[in-house]
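**Q** My questions all concern the structure below.
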Amino acid sequence: MPAIDLHAHSTISDGLLSPEAVVTLAAQRGGRVFALTDHDDVSGLAAARACAEKLGLRFVSGVEISVTYSDRVTLHVVGLAVDEQHPLLAQGLAQIRHGRLERAKLMGEGLAKAGIPGAFAGAQARAQNPEIISRTHFARFLVETGVVKDVKSVFKRYLVRGKPGYVKHTWASLSDAIAWIHAAGGVAVLAHPGRYDIGRSAMLDLLKNFKALGGDGIEVVTANHHPEQVQFFAQQAALLELKASLGSDYHGPGETYFEPGVLPELPAHLQPIWRDFLPEQDWAWAEAPVPVPRIEAMPAAESH
Ligand code: AMP
Ligand code: MN
Ligand code: MN
Ligand code: MN
């Protein structure tokens, strides 16, 4: 298994572990190259990088940007190897975070009308970063207070379009997200494409548009993909000459199908995205297979 993981979350967004704890876990599992990619926020990167340096882990500065595409589809674009101080990126992310607080209040109001009071406060209390209150925090509140049995059911019943806690929201545009990442010197990766529920021809259009806007790569291996989706997106990456990325999308113990740090191989013959930002002399080291870690994944919660 390659010791490379280019997508993971901490308490800076909707992960359960601190930036240092996620990095430490990835290193303990044998990880070599690791990106922290919190939603819309880069404020965990400095602590994560310092910790990674101590542990001999090659750290990649990342962020997962929320995007609204063709007026109604939410997409996630991961920026890798970004200069997190770049003003264009920093300002763009600040704008997205600003919208999140207002949205969370409206989500709370929607849930209150559906007979669930206190959800905004409950989500807020679970968000360690006051600027990133996400649906995940609402979901954890609803599960922990016994309203719904598990996170997957919360999303289905309360947090997706047409449900009481759903609030239509406009995030960044796809072209802005890619432009900010490029301005900050990074590469733009379409996260977990298999998760977007848009039908096959809209998906093919999306991939083409992403490429045309300058997108660099797509996640092929992610906890969010079934094996057929890995094959499908591998094929699309090759056809469109997009690089391939891989990431756990780790959110915390018991919440994600993959543990962080060490992941299944990318299908052969793809161009790995990390070669865009790792010096050539490190490729062989980074890509060397490592044994399956002994600290093994716990029984998987539904991946997302
Ligand atoms: P937000 O950015 O506030 O809309 O929250 C999105 C986050 O919710 C994603 O990054 C996932 O972590 C989580 N999520 C989205 N859909 C699901 C789902 N069906 N089940 C579990 N978690 C989900
Ligand atoms: Mn998330
Ligand atoms: Mn995502
Ligand atoms: Mn993610």
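**Q** Over the alpha-carbon set of the stretch 81-184, work out the extent along each principal axis and list the three values in angstrom, largest first.
**A** 45, 26, 22
**Q** Right, next: Can you give me the relative contact order of the stretch 163-304 as a percent, contacts being Cα pairs under 8 Å and 6 or more apart?
**A** The normalised contact order for the stretch 163-304 reaches 21 percent.
**Q** Summarise the long-distance tail of P(r) for the stretch 147-212 by giving the % of C-alpha pairs beyond 20 Å.
**A** 49 percent
**Q** I need the Kirkwood Rh of the stretch 118-165: take the reciprocal of the average 1/r across all distinct C-alpha pairs and report it in angstrom.
**A** Kirkwood hydrodynamic radius for the stretch 118-165: 10.6 Å.
**Q** Let me ask another. For the chain, give the magnitude of the charge dipole about the Cα centre (Cβ charges: +1 Lys/Arg, -1 Asp/Glu; no others), in debye to the nearest 20.
**A** 1000 debye
**Q** In bins 10 Å wide, starting from 0, what share of all Cα pairs of the stretch 75-142 does each bin hold, as a percent?
**A** Calculated over all Cα pairs of the stretch 75-142, the distribution is 20, 42, 26, 11, 1 percent.
**Q** Let me ask something additional. Let me have the relative contact order for the stretch 202-261, percent, based on Cα pairs under 8 Å that are six or more residues apart.
**A** 33 percent
**Q** Next up: I'd like the orientation of helix 45-55 relative to the chain: the angle between its Cα long axis and the longest Cα principal axis, in ° from 0 to 90, rounded to 10.
**A** Approximately 40 degrees, to the nearest 10.
**Q** When the dipole is taken about the Cα centre of the stretch 173-276, and only Lys, Arg (+1) and Asp, Glu (-1) are charged at their Cβ, what size is it in debye, to the nearest 20?
**A** Dipole about the Cα centre, nearest 20: 280 debye.
**Q** Just give me a number: lysine pairs in the chain, eight or more positions apart or cross-chain, with C-alpha atoms less than 22 Å apart.
**A** Lysine pair count for the chain: 16.
**Q** In whole angstrom, note down how far apart the Cα centers of the stretch 248-278 and the stretch 10-55 are.
**A** 14 Å
**Q** OK, next. Please compute, over every Cα-Cα pair in the stretch 119-261, the percentage with a separation greater than 26 angstrom.
**A** 37 percent
**Q** Using 0.36 nm per residue, how much length does the chain from residue 239 to residue 280 gain when fully extended, once their Cα-Cα distance is taken away?
**A** Roughly 12.3 nm would be gained on extension.
**Q** Over the chain, with a single point scatterer placed on each C-alpha, what log10 of the ratio I(q)/I(0) does the Debye formula yield at q = 0.07 1/Å?
**A** Log10 I(q)/I(0), no solvent term: -0.24.
**Q** Out of 167, 290, 274, whose Cα points farthest toward the positive end of the dipole of the chain (charges: +1 Lys, Arg; -1 Asp, Glu; placed on Cβ)?
**A** Of the listed residues, the answer is 167.
**Q** Something else about it: Counting each DSSP H run of 4 or more residues in the chain as -39500 (n - 2.57), what helix-only mean residue ellipticity at 222 nm follows after dividing by all residues, to the nearest 500 deg cm²/dmol?
**A** -11000 deg cm²/dmol
Where a number appears in this text, it was derived from the coordinates with a stated rule and is not lab data. It should be emphasised that the depicted structure is a prediction, and the values quoted were computed from it without experimental measurement. Every residue, glycine as well, gets a Cβ built from its backbone with ideal geometry; the counts of neighbours run over all protein chains shown.
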